[in-house]
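Reviewing the structure listed below.
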Amino acid sequence: MTVFQTWAARQPDAPALIAAETGEILRFGALNQQVQATARALVSLGLAPGDGIALLMENRFELIVLGLAARQAGLYFTPISTHLAAPEVAYILKDSGARAVFVSRACAALLPEPADRQGVPCFAVDEGVAETVAGCSPWQQALARAAASGPAHLDWDQRPLGRDLLYSSGTTGRPKGVRRTLTPATERHQLEAEVQAWQKMYFFDEHSVYLSPAPLYHAAPLRFVLRTLEVGGHAVIMAKFAPEAALALMARHRVTHSQWVPTMFTRLLQLPLEVRQRYDLRALRMAVHAAAPCPVPIKQAMLDWWGDVLYEYYAGSESVGTTFITSQEWRKHPGSVGRVLSGQLHIVGDDGQELPPGEVGRIYFSGGQSFEYLNDSGKTRDAYNDKGWATYGDIGHVDAEGYLYLSDRRADLILAGGVNVYPQEIENVLNTHPAVADAAVVGVPDADFGEVPKAVVCLRPGHAPDQALADAIGRFSSERLARLKLPRTIVFAEQLPRLETGKLLRRVLKDQFKNDPDSGFRVQR
């Protein structure tokens, strides 16, 4: 039995999953029955250990059922972003080597045509969808066939434990699949080492109530939900984040753990004070956040509201290393993402040599898990240096006490007159201006300096996007930044191209302005 099955046998009537919007509850016993039936059906399709399936659906119970069943059957499973276009979905289906794709009614329009799926069987989890999607079959029929004529006995204990095969968000190029080795069959009865470390770090147990407000095709939300079930807790899953609804759910279900991204914090803080004070959040013990840098004023405001329950980490789907910081530590080291928790941390200069505290360089980890980018040995090699240390591609520095501070991704650096300029440093300043709701900075071509910073700014209500405000922001910035770091121009926009995780798609802005570098308001500094 897997650890999830053990909990299902121990507490069959305990809630496992709760749908936030409808209140539907799937209890451990019923969830396990669905998982076992699904695992048998997957095997009946001819899927063998190490094969993979893809999941194209919104946040719903079936995604979790299929993920747990894939783990049971020793398969890889790949949730696909519901914001991709059909050609991008086709690329992931081909690149991942998926041998079946499961689709919901809401996402059927994203499914590539049969020819573009290259023979990958498609199964619809909603009734009536298969009849309208070419080359798609009803999954309920496959489940019924497997129940009626499937193998009488399957020796699950001889199979490795399956795992996710997730794709990067593609912020700097095409998404990359991150594949790690399956857990051996001999270890399928116990919590995996990384789950044990996760449980110890966040104090999850069978009494935990986890609120998941983010899309489950992202690594952290998916893994947090699955791991919550594997330690006997239950998860409240939102179909889509809405700030006041999230607060209401936290109060109603006495949520003990939750996970957020900075853009969610911003939207929560924009609620009127009387709304924020309406809900009892005293059960909350841990509000975990990561995925994107959190502006210092935003995190400080959340600490003032929720208290010292914010815990931040820095990691990635590759799982080569992790840093972690508590609220109390952050108050002493504002802006830090913590000290190393797994692996050993190294800051490396352009010459490949390790740098001392205070010096900015590429962030590497040694001693962590090994991984490979699927079908891309070149990118895998690029993630490792000649010492065998691995990087997520970010840049930063550590202070004298070993606390890590992120600067940017290497690809986002602005080389202005031969000097490295870090967009995030400029954004951190812009975001403290009272008129600014959100800001992004990218490098644009310049005849004299090669590149110069350009700011794209979203305003708070009540502020006019005009030259006077651009000049005011410029003066504000000049008091806090060196001249070379000051944006030459400011473009005011309604919103920035961000993923649900809060990650900024700088490449979208770079493409937008590379041939129009002087657009917007030229800043008088």
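The values are calculated or read from the model by the stated rules, or taken from the named source; none is laboratory data. Just so it is clear, the structure is predicted and the values come from calculations on it, not from any experiment. Neighbour counts run over all protein chains shown; Cβ positions are idealised from the backbone, glycine included. Accessible surface is based on the protein model in full, side chains and every heavy atom, while ligands, DNA and RNA are left aside. Shrake-Rupley method; radii C 1.70, N 1.55, O 1.52, S 1.80 Å.
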Could you tell me how many degrees, from 0 to 90 and to the nearest 10, lie between the Cα long axis of helix 139-149 and the main elongation axis, the longest principal axis, of the Cα atoms of the chain? 30
Take the Cα of Arg174, step 7 Å along the line toward its Cβ, and report every residue of segment 366-398 whose backbone nitrogen sits under 15 Å from that point. 373-380
Name every cysteine in the chain that ends up alone, with no second cysteine's Cβ under 4.7 Å, or say none. Cys107, Cys294, Cys458
Which pairs, out of Lys299/Lys510; Lys94/Lys387; Lys485/Lys514; Lys240/Lys514, put more than 25 Å between their alpha-carbon atoms? Lys299/Lys510; Lys94/Lys387; Lys240/Lys514
Cα radius of gyration and Dmax for segment 87-181 (Å): 15.7, 48
When the Karplus curve 6.51 cos²θ - 1.76 cosθ + 1.60 is applied with θ = phi - 60°, which whole-Hz ³J(HN,Hα) does each residue of segment 180-186 get, with x for Gly and Pro? 10, 5, 6, 6, x, 4, 5
Principal axis lengths of segment 235-330 from Cα atoms, whole Å, largest first? 41, 28, 21
Angle, helix 28-44 long axis vs. longest principal axis of the chain, Cα atoms, 0 to 90°, nearest 10? 80
Percent of all Cα-Cα pairs per 10 Å bin for segment 308-390, counting from 0 up to the last occupied bin, reads 17, 42, 31, 10, 1
Once both axes come from the Cα atoms, what is the angle between helix 193-202 and the longest principal axis of the chain, in degrees from 0 to 90, rounded to 10? 60
Between segment 348-385 and segment 233-299, what is the separation of their alpha carbon centroids in Å? 34
Starting from the amide H of Tyr76, placed 1.01 Å from N in the peptide plane, find each other amide H under 5 Å away whose residue is 5 or more places distant or on another chain. Gly50, Asp51, Gly52, Ile53, Arg163
Counting other Cβ atoms within 10 Å of each Cβ, which chymotrypsin sites (Phe, Trp or Tyr not before Pro) in segment 256-327 have at most 16 and sit in a DSSP loop? Tyr279
Output the relative contact order of segment 68-152, whole-number percent, from Cα pairs under 8 angstrom with separation of 6+ residues. 21
Provide the percentage of antiparallel DSSP beta bridges, counting only those with both residues in the chain; round to the nearest 5. 55
Cα point-scatterer Debye curve for segment 250-385, base-10 log of I(q)/I(0) at q = 0.13, 0.19 Å⁻¹: -0.68, -1.12
With the dipole of segment 245-395 defined by +1 on each Lys or Arg Cβ and -1 on each Asp or Glu Cβ, the option from Gly349, Thr323, Tyr392 whose Cα lies farthest towards the positive pole is Thr323
Å³ per residue enclosed by the Cα convex hull of segment 157-215: 136
Normalised radius of gyration for segment 412-496, please: alpha carbon Rg relative to 2.2 N^0.38 Å, two decimal places. 1.03
Express the C-alpha Rg of segment 39-96 as a ratio against the empirical globular expectation 2.2 N^0.38 Å, rounded to two decimals. 1.14
Using only C-alpha atoms and all pairs of different ones, pull out the Kirkwood radius for segment 163-266 in Å with one decimal. 15.2
For segment 1-70, what is the relative contact order in percent, using Cα pairs closer than 8 Å and at least 6 residues apart in sequence? 28
Of the accessible area of the chain, with the probe set at 1.4 angstrom, what percent is carbon plus sulfur? 50
Just order 368-374, 460-466 by mean Cβ neighbour count inside 10 Å, highest at the front, would you? 368-374, 460-466
Write down the accessible area per residue of the chain in Å², having rolled a 1.4 Å probe over the full set of protein chains. 42
Under a point-charge model restricted to the Cβ atoms of Lys and Arg (+1) and Asp and Glu (-1), what is the dipole moment magnitude of the chain relative to its Cα centre, in debye to the nearest 20? 380
How high is the relative contact order of the chain, given as a whole-number percent (alpha carbon pairs under 8 Å, six or more residues apart)? 10
Could you pull out every residue, at least 5 positions away or on a different chain, whose amide H is within less than 5 Å of the one on Ala439? Hs are placed 1.01 Å off N in the peptide plane, and Pro or chain starts have none. Cys458
How large, in Å, is the chain by the Kirkwood hydrodynamic radius built from its alpha-carbon pairs? 24.5
So how strong a dipole does segment 410-525 carry about its Cα centre when Lys and Arg Cβ are +1 and Asp and Glu Cβ are -1, to the nearest 20 debye? 200
